[in-house]
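The structure appears below as structure tokens.
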Amino acid sequence: MSDKKDLAKADRKEVILELSAAITSAVPWIGGPVSSVLNGLGVQRRFERIQGVLEGMTQDLRDFRSDVSENYVKTDDFQELLEKTLRQAAEERNDSKRRLYKDFLVGATKSPGSSFDEQVRFLKTLEQIDPDHVRVLHALLADPVDAPSITGSPRQTLMRRLPGLSADRITELVNGVDDLRLTNGLGRRLVVMMTGRGSADLRLTLTDFGRKFVESLGAC
């Protein structure tokens, strides 16, 4: 049994070294922080789950260059944020959710303007949502080019923009983002009939924090 444990540990260390080398080769300026965090995560049972996150992050950053970003990734704040994010990703079983963690890390690297405390708040919020919540947020931020000519309701707008989601599921998701203070009580007005333009322009239903949260994932 001891030999098997030693072999598993050796294999895990080899994977860490190979992954660190690949990332350093593709994006040298972020390789150091990533390697440091990986060495701390190597003992975790779900280590393999973060490989896709880091590989996706590497791909998204391969052709990106910024002096601001290169300086930011050398800070303690970035390394701690990277570690926190990878630890959450390591425990996440859903592939789509892990892609959100990847998007969050890419966004934090490319646009390092938020404070560390705000980034941690984004990360805690991300832990509580699923990808469908993010789909709703993006749908709310869409330009109102699909406004009906007469009247409509916010839920009807979301049903047009989110095909495949039922009215009940949309209601559940909207209530969820309301609870997280990402939207300002939209659930109470979801089925209210209003002008066509009003029912389609839902951009102001996001709170300031909600908009910043979506931006933290690399899109608005």
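The values are calculated or read from the model by the stated rules, or taken from the named source; none is laboratory data. What you see is a predicted model, and the numbers here were worked out from it, not measured in a lab. Cβ sites come from the backbone with ideal geometry, for glycine too, and all protein chains shown count toward neighbours.
For the structure I just gave you, tell me whether residue 95 is modelled with pLDDT under 95, farther than 17 Å from residue 14 by Cα, under 14 Å from the mean Cα position of the chain (by Cα) and not polar (S, T, N, Q). For residue 95, the condition - modelled with pLDDT under 95, farther than 17 Å from residue 14 by Cα, under 14 Å from the mean Cα position of the chain (by Cα) and not polar (S, T, N, Q) - is met. Whether a residue is charged (D, E, K, R), free of Cβ contacts under 8 Å to residues at least 60 places away in the same chain and in contact with a Lys or Arg (Cβ under 9 Å, 6 or more places away or on another chain) was assessed, and residue 92 passes this test.
Close Cβ contacts (under 7 Å, 6 or more residues apart or on different chains) running from residues in region 20-44 that are closer than 18 Å to residue 68 by Cβ to residues that are charged (D, E, K, R) and modelled with pLDDT of 80 or more comprise 27/62; 29/70.
Taken over region 158-207, residues that are under 14 Å from residue 138 (Cα atoms), over 22 Å from the mean Cα position of the chain (by Cα) and in contact (Cβ under 8 Å) with a residue 12 or more places away in the chain amount to 3.
Considering only helices (runs of 4 or more DSSP H) fully contained in region 154-213, which possess at least 1 residues that are touching a strand residue (DSSP E or B) at 6+ places or on another chain (Cβ under 6 Å)?
167-179, 196-200
Yes or no: residue 211 over 20 Å from residue 114 (Cα atoms), among the charged types (D, E, K, R) and either without any contact (Cβ under 8 Å) to a residue 12 or more places away in the chain or buried (at least 16 other Cβ atoms within 10 Å of the Cβ) (or both)? So residue 211 fails the test. Against the conditions (1) touching a residue at least 40 places away in the same chain (Cβ under 8 Å); (2) surrounded by 14 or more Cβ atoms within 10 Å (Cβ to Cβ); (3) of a type outside the set (Gly, Ala, Ser); (4) not assigned by TED's automatic domain parsing to the domain that holds residue 28, residue 102 satisfies every one except (4).
To keep it simple, each residue is scored yes or no on (1) crowded, with 20+ Cβ neighbours inside 10 Å; (2) at pLDDT below 95; (3) among the basic types (Lys, Arg).
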{"residue": "130", "(1), (2), (3)": "no, yes, no"}
{"residue": "140", "(1), (2), (3)": "yes, no, no"}
{"residue": "150", "(1), (2), (3)": "no, yes, no"}
{"residue": "160", "(1), (2), (3)": "no, no, yes"}
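Out of 105, 123, 100, report the one residue that is within 14 Å of residue 209 (Cα to Cα) and touching a helix residue (DSSP H, G or I) at 6+ places or on another chain (Cβ under 8 Å).
Among 105, 123, 100, only 123 is within 14 Å of residue 209 (Cα to Cα) and touching a helix residue (DSSP H, G or I) at 6+ places or on another chain (Cβ under 8 Å).
Listed by first and then second residue, the pairs linking a residue in region 132-157 that is in contact (Cβ under 8 Å) with a residue 60 or more places away in the chain to a residue that is surrounded by 16 or more Cβ atoms within 10 Å (Cβ to Cβ) and part of a strand (DSSP E or B), with Cβ atoms under 9 Å apart and 6 or more places separating them unless they lie on different chains, are 137/183; 137/206; 140/183; 140/206; 141/206. Any chance region 164-176 includes a residue that's at pLDDT below 95 and either crowded, with 16+ Cβ neighbours inside 10 Å or not assigned by TED's automatic domain parsing to the domain that holds residue 106 (or both)? Yes, the conditions are met somewhere in region 164-176.
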